[in-house]
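Quick notes on the structure that follows.
The values are calculated or read from the model by the stated rules, or taken from the named source; none is laboratory data. Source: prediction; values computed, not measured. Cβ: placed from backbone, ideal geometry, glycine included. Neighbour counts: every protein chain shown.
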Amino acid sequence: MKVLDRYIIRKFLVTFFFAIFLLSAIAIVIDITEKIDDFIDNKAPLNEIIFDYYLNFIPWIGLMLAPIFVFISVVYFTSRLTANTEIICILNGGVSFYRLLYPYMLTAFLLALLFGIYNHRLLPKSNKVKIGFEEKYASKKDQRTSEINYHFQIGRDTFVYTQSYDMNMNSGYKLTVEKIAKGKLTYKFSAENIQWDTAQKKWKLMTWKLRKNAGAYDSIAKGNDTLLALPITPKDYVKQSYDIETMTTPELDQFIADQIRKGNDNVKIYKVERYRRTAIPFSTIILTLIAVAMTTKKVRNGMGLYIVAGMMLSGAYIIIQQFSTVFATKGNLDPFIAVWIPNLIFGVIAAALVLRAPK
């Protein structure tokens, strides 16, 4: 069986890496077409385009679709083995279906482990270089200028609102800090303009007003120039959704813990990313199991039928994944459940196909 195991593992890996190579080549051509004007206009050096951007672009796009391409690769080469009656000969030779699964599952497990390690530790560092290049030479550089309507929760009952913030000037317009206790507004601090003081590490507030409500008494104070310490820095304003991609998992865990400690429960998108880094690699094992179970039975026009079915299942997996993610970030679905729903659904499908597979 060692010869057969090596044969299947070799077929598995060669087909998968060839598919990823084709995907990367096509993706690079499309990306160059979209960004060539930015590269020329911003005079991006060729060595940075190659080593800082595309050398980090390839693992980003590859890992994004790796489980799907594992699935399609297994469907392709296993359906060929079935069409050539190789699988039938193996099963008729006394090899059980479950023993046949061994090289497939071993390879899928090792790939899933590789994807998981890269997702948790290495890809965020790679993304940091890639995104840094994009901000400097490509379209993302224009996204950190001026934004509107920032909301922060810095304590269980304390909220901060800024109407607009200029990333380049590190200054904002119309800041409001409010404290609400037992449904009543007890503290309101507002300022027309704010400026980050890099020396003091505090916010410089211009034209400010403070109002405190202590039962039946209100106190009001005004001023033109003062410094205020807040657990918010320009980095919090600058943070974009793609910054999640640059955090390693320990950094992401720390960020989530910090936000929850501040009383900010709106961390669903970060939790989704945290759980996704494990769930997506794990799907490699489930999709491999489905691919083997559905392609070991010889049927007329089998290869074409299997490839079409494989593409449909891949599309269904992506659609379910997107829907569950939206329900988690925009609705009340628990992020952990949302991320693992596709694996649970396809796990049931895998179990049913394995039971029905020729033994």
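Given the criteria under 30 Å from VAL272 (Cβ atoms), among the acidic types (Asp, Glu), more than 30 Å from the chain's Cα centre (by Cα) and not in a loop (DSSP other than H, G, I, E, B), does GLU251 qualify? Can you show your working first?
On the way: under 30 Å from VAL272 (Cβ atoms): yes; among the acidic types (Asp, Glu): yes; more than 30 Å from the chain's Cα centre (by Cα): no; not in a loop (DSSP other than H, G, I, E, B): yes.
So GLU251 fails the test.
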- [ ] Being more than 27 Å from GLU273 (Cβ to Cβ), in contact with a Phe, Trp or Tyr (Cβ under 9 Å, 6 or more places away or on another chain) and modelled with pLDDT of 85 or more is the filter here, so list the residues in the range 301-354 that pass it.
- [x] VAL354
Task: Criterion: hydrophobic (A, V, I, L, M, F, W, C), touching a residue at least 40 places away in the same chain (Cβ under 8 Å) and touching a Pro at 6+ places or on another chain (Cβ under 6 Å) - qualifying residue of ALA328, ALA338 - done: ALA328
- [ ] Mind listing whichever residues of the range 192-215 are closer than 17 Å to TYR237 by Cα and among the hydrophobic types (A, V, I, L, M, F, W, C)?
- [x] ILE194, TRP196, TRP203, LEU205
Task: Any hit, the range 311-319, residues being surrounded by 16 or more Cβ atoms within 10 Å (Cβ to Cβ), more than 30 Å from ILE90 (Cα to Cα), among the aliphatic types (A, V, I, L, M) and under 16 Å from the mean Cα position of the chain (by Cα) - done: no
Open item on the list: Looking for something more than 25 Å from the chain's Cα centre (by Cα), modelled with pLDDT of 80 or more and of a type in the set (D, E, K, R) - is there at least one such residue anywhere in the range 151-159?
Closed with: yes
- [ ] Select from the range 161-178 the residues that are in contact with a Leu (Cβ under 7 Å, 6 or more places away or on another chain) and either in contact (Cβ under 8 Å) with a residue 60 or more places away in the chain or at positive phi (or both) and list them in ascending order.
- [x] THR162
- [ ] Just give me the residues in the range 173-202 being touching a strand residue (DSSP E or B) at 6+ places or on another chain (Cβ under 7 Å) and under 15 Å from LEU227 (Cβ atoms), in sequence order.
- [x] LEU175, VAL177, PHE189, ALA191, ASN193, ILE194, GLN195, TRP196, ASP197, GLN200, LYS202
Task: Breaking point among (1) β-branched (Val, Ile, Thr); (2) closer than 25 Å to LYS201 by Cβ; (3) at pLDDT below 85, for ILE256 - done: (3)
Task: Near pairs, Cβ below 6 angstrom, 6+ apart or cross-chain, from the range 92-114 (under 21 Å from TYR76 (Cβ atoms) and touching a residue at least 24 places away in the same chain (Cβ under 8 Å)) to any residue that is hydroxyl-bearing (Ser, Thr, Tyr) and assigned to a helix (DSSP H, G or I) - done: TYR104/THR288; ALA108/THR284; ALA108/THR288; LEU111/THR284; ALA112/THR284
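Answer yes or no: is there a residue in the range 320-330 that is under 17 Å from MET105 (Cα atoms) and either in a helix (DSSP H, G or I) or in contact with a strand residue (DSSP E or B) (Cβ under 9 Å, 6 or more places away or on another chain) (or both). If you could, list the steps in order and put the result at the bottom.
Step one: of the range 320-330, the residues under 17 Å from MET105 (Cα atoms) are none.
Looking for residues that are under 17 Å from MET105 (Cα atoms) and either in a helix (DSSP H, G or I) or in contact with a strand residue (DSSP E or B) (Cβ under 9 Å, 6 or more places away or on another chain) (or both), one finds none in the range 320-330, hence no.
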